[in-house]
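Single-structure report; data block below.
What follows is calculated from the coordinates using simple rules that are stated; it is not laboratory data. This is a predicted model, so every value here is computed, not measured. Neighbour counts run over all protein chains shown; Cβ positions are idealised from the backbone, glycine included.
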Amino acid sequence: MGYRLHYEPYNLELKRLGQEKVFGQVWLVEASLGYNSGTPGEWRLNKSLAGGGPLMNLGVYCVQASRYILGEEPVSVTAQFGPVTRKELFTEVEESIIWQMHFPSGAVSTSSTTYRCGIDRVYAAADEGSFELSPAISYGPFKGKTSKGELNFPTINQQATQCDEIAKVILSGQRLPEHIRGEEGLKDVRIMQAIYEAARTGKKVIVV
């Protein structure tokens, strides 16, 4: 997992707006990412190669967005698999999945990811306003606004910026920042495993 959005100015602004409570406490986050995919023989449809379906490939960015906007870790999840509209293709991985994450503050995030259609947005509602991006978590160019007006940041090469910033840390002899270490990936994997379990069982699953 490359945490490229941790260096992207629009997403950094969403993180700042949420964690600094610029519009008060955020209570609801909606984050979704998907595109139409499904070529016979494609590696994304092979569970042993892909590890899972769109949740593993795309949904991790939605999990991340909710976590870095709220600055909290989810305590439980609920989830539902979406309908399989191309049964001949999606025999090993999900075609779509929808999930909800519940946070200690009482905030809730609801997300969806799919290989059936295109969607790319993040929306956050707080006590005194809201903020959003659409497109939001793909490769851009991004577009966003708050309840006070438009967001306007430069469009960057996300991977190049990420590599440059990581290289600076390594060359300086410092340790990588916490938000892009391997431990961060482990947190996301645990959450996604809980989402799969919740979708399979139909029960709320505690994130450990």
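Taking amide H positions as modeled 1.01 Å from N, with prolines and chain starts lacking one, the residues under 5 Å from residue 114 and 5 or more places away or on another chain are 33, 34, 35.
Dipole magnitude for the chain: computed about the Cα centre from +1 point charges on Lys and Arg Cβ and -1 point charges on Asp and Glu Cβ, it is near 240 debye.
Coupling constants for the stretch 188-203 follow from the phi torsions by the Karplus curve (6.51 cos²θ - 1.76 cosθ + 1.60, θ = phi - 60°), and in residue order they are 5, 4, 4, 5, 5, 5, 5, 5, 4, 4, 5, 5, 5, 9, x, 10 Hz; glycine and proline get x.
On full extension of the chain, what length is gained from residue 153 through residue 84, given 0.36 nm per residue of separation minus the C-alpha to C-alpha distance?
Working: separation 69, 0.36 × 69 = 24.84 nm, distance 3.83 nm.
So the chain would gain 21.0 nm between residue 153 and residue 84.
Taking every DSSP helix (H) stretch of at least 4 residues in the chain, weighting each as -39,500 (n - 2.57) and dividing the sum by the residue count yields a mean residue ellipticity at 222 nm of -9000 deg cm²/dmol.
Multiply the residue separation of residue 73 and residue 35 by 0.36 nm, subtract the distance between their alpha-carbon atoms, and state the gained length in nm to one decimal. Provide the component values of the computation, followed by the final result.
Working: separation 38, 0.36 × 38 = 13.68 nm, distance 2.70 nm.
The residue 73-residue 35 span can extend by a further 11.0 nm.
For the stretch 97-110, the Karplus equation 6.51 cos²θ - 1.76 cosθ + 1.60, evaluated at θ = phi - 60°, returns couplings of 8, 10, 8, 10, 10, 10, 10, x, 5, x, 5, 10, 10, 10 Hz by residue, with Gly and Pro reported as x. Sorting 61, 3 by the number of Cβ atoms found within 10 Å of their own Cβ, with the fewest placed first, yields 3, 61.
With R₀ fixed at 45 Å, the C-beta to C-beta distance from residue 167 to residue 27 puts the FRET efficiency at about 0.70. Dipole of the chain computed with +1 at Lys/Arg Cβ and -1 at Asp/Glu Cβ about the Cα centre; of 202, 112, 177, farthest Cα towards the positive end is 202.
Can you give me the relative contact order of the chain as a percent, contacts being Cα pairs under 8 Å and 6 or more apart? Before the final figure, lay out the partial values.
Values: 400 pairs, mean separation 57.2, N = 208.
Reported as a whole number, the value is 27 percent.
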